[in-house]
Amino acid sequence: MPVPWFPWSSVALAVVALVCSVIRTRERARRASPQNVVLEIALSPLAALRLHRVALGVLLWTPLTFLIDVPVAFLVGTGAAGTVAVVCAGIALGAAGMPQIALGAALCQALWLPGSYVTTVLALPIVAGYLLRLLHIGPQYWRGYTSLLLLFDRQGPVIRAGLPAEWFWGGLQAGAALAPVAAAALLPAPDAGAADTAARWAGALLTAAQLALGAQRMRTLANRRLRLAARGGDVLGTVSLFAIAASPAGPWIAERWAGLPFLTGFAGGALLAVAAIGLLAALELAKGQDATSGLPRWAVPLKLARALLHAGLAAVLLSLLHPLPGLAPAAAVLAAAEFATLLGGRDRRFWDHQQIRHAASFLWFDNDRETLLGGWLHDAFLSRPHHPDFSLPRTMGGLAALSAQGWMVPGQAPLVGAPELKRPLTGIAATRWTDVAAYALDLVETQVVPRFPPAHLPALERGLAVARAELFTARAVVLHLAGEPAEALGQWREAALRYRRLGAPVHELVARLFMVRLLAVSLARPADARREYARIRLPDEPPPVVRHLARLAATAVEGGPDVAGESRVDAKAVRAALRRDDRMPAADLRQCMGLAALVDRVEARPREPGTPPVTAGAPLQPSGAPRQSDLPRQSDPPQPSQSQERR
């Protein structure tokens, strides 16, 4: 039986498909070469449409519609499964960038096949799939050159505005989060008492709150492409659980659950909550102490079991769709326990791990890194001027310190290509992290600062200065661990000067103490080490880590054996010491691990003959010795004068 179809609808579909085909040809040309945008400006608007390429697609696909219509009609005639398969195939073709098929089908239907199955079941999904594709494509690939010039004039050539896909997947995430609440409101439970009804609503609201908090936290991830994939995975996971609960398997699972009395009711929910917390603790122990460590294979079944209890979502959906006695209270108690652990920091390590993977992904794309960082510039600064986010370069500085110690950062190696990233970036190779971070900060300074709201500009400049100082510290740690003392000395000195300008005396003191050790041991310049050591002032009550580092510096200056290996320094102790500077943000824990490794590093060197000893523990007061600026060296940049330092 032919499908009813009206001529005006085929004409409308042909017009929409024609517009999509023109945009697709423009997208192909701009992806092939960015210079094609200049050609579009130079040519006439009609020539820029490249209608000849669209005409070739029409001449190809219009006759082929006759051949495609027969198998499509056969699949649709088999029932709902065949129709769903054809619709999914159409969406896939549209998402792959083939709107010419829909244009050819619309023209064929208007001219020869008024009841074409291709047009009704295949062409419409193709157009929908291509419109979905446009949501995920940057405007520089498909907009007209006039609006593109206006966009470049407003944002510059690097910054990439937010994609419509962010709003699309954000809306789907919001809908998925509200799905349990909608199920509690719309699905009846005639046999439920007051306690069961309250438990149904409590479980639905607590689960929705957890999903909403996860969606909000996902917005802080740096890589826009991976963030969109994570949003899609989150929506797909929620929809899959809902589909399983609504399928014929849902009643079977609910009946088996209700048949276990010790897992129903409030007592059963408490038992499920204990199991969820126990699995969470077991997974934390399996992962190890640091967020960069992966999950061993023997813990994979534990992770799968934990996923079934995560947020209490599966239990709440089963209790809402199949209101059997005892299920709603158990699901509500489980959801309450999951919500409490979420507020207590249950997912802190998970999000830290995701932040590391997103930072590592910027190493993959050498040719496309500016595009990725352009999206980060918009999302981290221009879209949130009241709270600039420098977590990406700070994370990269910490990962550089870890890589220099031999760590393999998770997510560092892509699936295809880049063989040099499939092993740890040890030694001097760890500066690849700091190079990308420095490039990101350069883009902030050149692209974001001129376009930032003046009311929030002081906070941005302060954050940029802090990130620069921390980046010099990260480079110094990497070069120090890599055995490049001359280059490390310059980085430590620059970090100390920047920390002084920022009003961070503890950070500056740590940098200068490391300079003393480098001068006295690695560079064998005891006279310069004594001068630098004499300029240092310790506070009245220094942190234990700073006191220990000062003792190591004094021992190095007097030429005695290094006692760094006598006691181990913890990264958390280094972080606590740096927190004395209340004007500075909390130091990155991974960078503190690199500083702790430097403190524990044994760098012994015998004292040179004729060098007068310095008594360890003597008051570290400035002396009348000449400053380092009076002794210029090629590897040692001159120090500013006293008046310059006061300014």
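Show me, bin by bin at 5 Å from 0, the whole-percent P(r) of segment 406-499 based on Cα pairs.
For segment 406-499, the pair-distance distribution reads 2, 13, 18, 18, 17, 14, 11, 6, 2, 0.
Going by average Cβ density within 10 Å per residue, which order do the peptides 243-256, 397-410 take, highest to lowest? Numbers along the way, then the final one.
Details: 243-256: 13.8, 397-410: 23.2.
Peptide ranking by packing, descending: 397-410, 243-256.
Kindly identify segment 166-221 as rounded, prolate or oblate by the Cα gyration tensor criterion: order the square roots of the eigenvalues as a ≥ b ≥ c, call it rounded if a/c is under 1.5, otherwise compare a/b with b/c, prolate if a/b is larger, else oblate.
Cα axes put segment 166-221 in the oblate bin.
Can you put Phe262, Phe242 in order of accessible area, largest first, using a 1.4 Å probe?
Phe262, Phe242
How many percent of the accessible area of segment 127-251 is carbon or sulfur, using a 1.4 Å probe?
That fraction is 72 percent.
Rank these residues by their accessible area, most exposed first, probe 1.4 Å: Thr197, Thr341.
Highest to lowest solvent-accessible surface, that is Thr197, Thr341.
Rg to Rh for segment 243-356: what is it, with Cα atoms only and Rh by Kirkwood?
Rounded to two decimals, Rg/Rh equals 1.02.
Calculate, in whole percent, how much of the Cα-Cα pair population of segment 204-295 lies beyond 22 Å.
Result for the distance tail: 55 percent.
By per-residue mean of other Cβ atoms within 10 Å, what is the highest-first order of 273-283, 520-530? Intermediate values should be presented prior to the final figure.
Details: 273-283: 16.4, 520-530: 20.7.
Listed from highest to lowest mean packing, they are 520-530, 273-283.
Arranged from highest to lowest average of other beta-carbon atoms within 10 Å per residue, in what order do the peptides 472-478, 320-326 appear?
Packing proxy ranking, top to bottom: 472-478, 320-326.
The values are calculated or read from the model by the stated rules, or taken from the named source; none is laboratory data. These figures come from a predicted structure and were not determined experimentally. Cβ sites come from the backbone with ideal geometry, for glycine too, and all protein chains shown count toward neighbours. Accessible surface is based on the protein model in full, side chains and every heavy atom, while ligands, DNA and RNA are left aside. Shrake-Rupley method; radii C 1.70, N 1.55, O 1.52, S 1.80 Å.
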